[in-house]
Amino acid sequence: MSKAFLKEWMVMVQRISGAERACAVTADLHICAVSGLDEAALKSSNFVDFITETLRSALQQGQPVFTNNLIRDMDQAPTTNTHLSEMRFVVAIPLVGVGAVYLDQPIRMGVISRQVVQKLYDFGLRALTDEALLSASSAALESAFASG
């Protein structure tokens, strides 16, 4: 599958999920498309390490990964909400052997439901065998997503 396929899939996944930011990577974790991420984030080794770890986990598990950018170990969770404004809800959706998409948004915007993520994951798997699904018009794409 091409980088163009991953970029199209990322755009579709971001639009349907409502995520603020997105990043698509190839199976070997090379970034091939971004949306909503600024240069500072992409140059931050902490951020790049975090998304790489999250995407690698999704690709290895072969399933979507849900997490956040602040609390990795509940034993280390802060006891105050001073950093809540910085917390982001994170989802990584893999297409094993092809690549994955990273999505995030401020936690105050809510979370992307597991049901929506599972539908997006299933749709991505179907699109691997029928790339025309990704090339469909917006209305046809929304219809295909809703019926799947």
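Since every read-out is calculated from the coordinates, none of them should be taken as a lab result. All values derive from a computational prediction rather than experimental measurement. So basically every Cβ, Gly included, is an ideal-geometry build from the backbone, and we count neighbours across all protein chains shown.
Arrange Lys119, Lys43 by Cβ neighbour counts within 10 Å, fewest through most, would you?
So the ranking, lowest neighbour count to highest, is Lys43, Lys119.
Sort Ile31, Ile112 so the one with the fewest other Cβ atoms within 10 Å of its own Cβ comes first.
Ile31, Ile112
At a 10 Å Cβ-Cβ cut-off, how would you order Ser44, Ser35, fewest neighbours first?
Fewest-to-most ranking of Ser44, Ser35: Ser44, Ser35.
Just check region 17-60 against the gyration tensor rule for me: Cα atoms, a ≥ b ≥ c as the square roots of the eigenvalues, rounded for a/c under 1.5, and otherwise prolate or oblate depending on whether a/b exceeds b/c.
It comes out oblate by the Cα gyration axes.
For region 5-15, in order, what is each residue's ³J(HN,Hα) by Karplus, 6.51 cos²θ - 1.76 cosθ + 1.60 with θ = phi - 60°, in whole Hz (x at glycine and Pro)?
Karplus values, whole Hz, x for Gly and Pro: 4, 4, 5, 4, 5, 4, 4, 5, 5, 5, 5.
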